[in-house]
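Please treat every number below as a calculation from the coordinates, not as lab data. Being a predicted model, the structure only gives us computed values, none of them experimental. Note: ideal-geometry Cβ built from the backbone for every residue, glycine included; neighbour counts use all protein chains shown.
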Amino acid sequence: MARSVACDLDFGSASRLRNLPAPANTDEPARLADLNAAIEGLKNKESVFVAAQGNVNLSSPGATIDGQTPASGSRALGSVLLRFQTTASENGLYLWNGASSAMTRASDANSAAELTNAVVAVQNGTDAGKAFRQTTTLATLGTDAVTWTAFGTGASAATTSSSGTVQLATQTEVNTGTDANKAVTPATLAGSAWAKRKFTATFGDGSNTQYDFTHNYGTRDVQVAVYRNGSPYDVWDCEVQMPDVNTVRLKFAVAPTSNQLNAVIIG
């Protein structure tokens, strides 16, 4: 029951009214988010109970969605955001009507006009506290693809099929090569144990029979090739040594002539 107020409320330019629900009637106060949305042409929807993380069988959705158990037919406790449907035109806001009952579009999101520029927040599950915006200008609901993207500061994690936020992998994580949820930068890729590194040098002076090349790979597990620096560019055999983890030593019975050979070190 509503409580009547027969006096003015003075907040002293300091206190605020917080956590107001989205207005549903003409005599209810609008929040700043509602005003901003109205200016931008957005349509704020009542939050959904949960968001599915993959394709859902609309005719028989099962007892749980993203690990949550919806309440049958309830907008507050049984609404579901679908944004990963195999058929993109099926995406949208739905009511869960039972594990083996067909899902139906929510009454405030069952037309193209209501879904164009719609914004909805998620209450529970993987996307709890996050919001999504429908970005397709729809002409015909059920025919046009319905596309939901992360909205505001609560973006979801990026996947192979949707945009979102992603954490950068450390050098150790890149070297381990088992984390499927983090991004690799050019720098960590170049410094990883998986990257192929190539050192090249042209050498020979007509007098020295030993040449040391510093590759700085930090390992003796390298491959070395020596070939003529000119036609017919044939491969030469020589004695190859690894005196330390950063150096390759090439030794010859006869001194190569000036810039006669190329060395390639891969590790």
If you stretched the chain out fully between ASP221 and ASN25, how much longer would it get, using 0.36 nm times the residue separation minus the C-alpha to C-alpha distance?
63.3 nm
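For segment 198-266, divide the Cα radius of gyration by the Kirkwood radius and give the resulting Rg/Rh value with two decimals.
0.95
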Work from the charge dipole of the chain (Cβ charges, +1 for Lys and Arg, -1 for Asp and Glu, about the Cα centre) and give the residue of GLY62, ASN229, SER47 farthest towards its positive end.
ASN229
For the chain, with only Lys/Arg (+1) and Asp/Glu (-1) charged at the beta-carbon, what is the dipole magnitude about the Cα centre, in debye rounded to 20?
120
Rank LEU250, LEU95, LEU35 by mean-square fluctuation in a GNM of the chain with C-alpha springs under 10 angstrom and give only the top-ranked residue.
LEU250
Checked against the positive end of the charge dipole of the chain (+1 on Cβ of Lys and Arg, -1 on Cβ of Asp and Glu, about the Cα centre), the farthest of ALA128, GLY204, PRO186 is GLY204
Semi-axes in Å, largest first, for segment 134-267 (Cα gyration tensor, √(5λ)) are 54, 18, 10
Please give every one of the lysines within straight-line cross-link reach of LYS198, meaning a C-alpha to C-alpha distance under 23 Å, and leave out same-chain neighbours fewer than 8 residues apart.
LYS251
Quick one, can you get me the convex hull of the C-alpha atoms of segment 166-236 expressed as volume per residue in Å³?
136
Eligible lysines near LYS130 by straight Cα distance, threshold 24 Å, same-chain separation 8 or greater:
LYS43, LYS45, LYS182
Once the dipole of the chain is set up with Lys and Arg at +1 and Asp and Glu at -1 on Cβ about the Cα centre, which of LEU95, LEU261, PRO23 lies farthest towards its positive end?
LEU261
Enter the per residue convex hull volume of segment 40-185, computed from alpha-carbon coordinates, in Å³ rounded to the nearest integer.
119
Please get the size of the charge dipole for segment 112-267, origin at its Cα centre, with Cβ charges of +1 on Lys and Arg and -1 on Asp and Glu, quoted in debye to the nearest 20.
100
Gaussian network model of the chain, springs between alpha carbon atoms under 10 Å - residue of ARG83, ARG75, ARG16 with greatest fluctuation:
ARG16
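Quick one: compute the contact order of the chain, relative version, from alpha carbon pairs under 8 angstrom and 6+ residues apart, as a percent. List each step's numbers first, then the result.
Values: 507 pairs, mean separation 31.7, N = 267.
RCO, the chain: 12 percent.
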Magnitude of the Cβ-charge dipole (Lys and Arg +1, Asp and Glu -1) of segment 32-151 about the Cα centre, nearest 20 debye, reported as 80
For segment 128-213, the Kirkwood Rh over every pair of distinct alpha carbons, in Å, works out to 17.8
Whats the longest run of the chain with zero chymotrypsin sites (Phe, Trp or Tyr not before Pro) that are DSSP loop and have at most 13 other Cβ atoms within 10 Å?
12-193
Convex hull volume of the Cα atoms in the chain, per residue, in Å³?
263
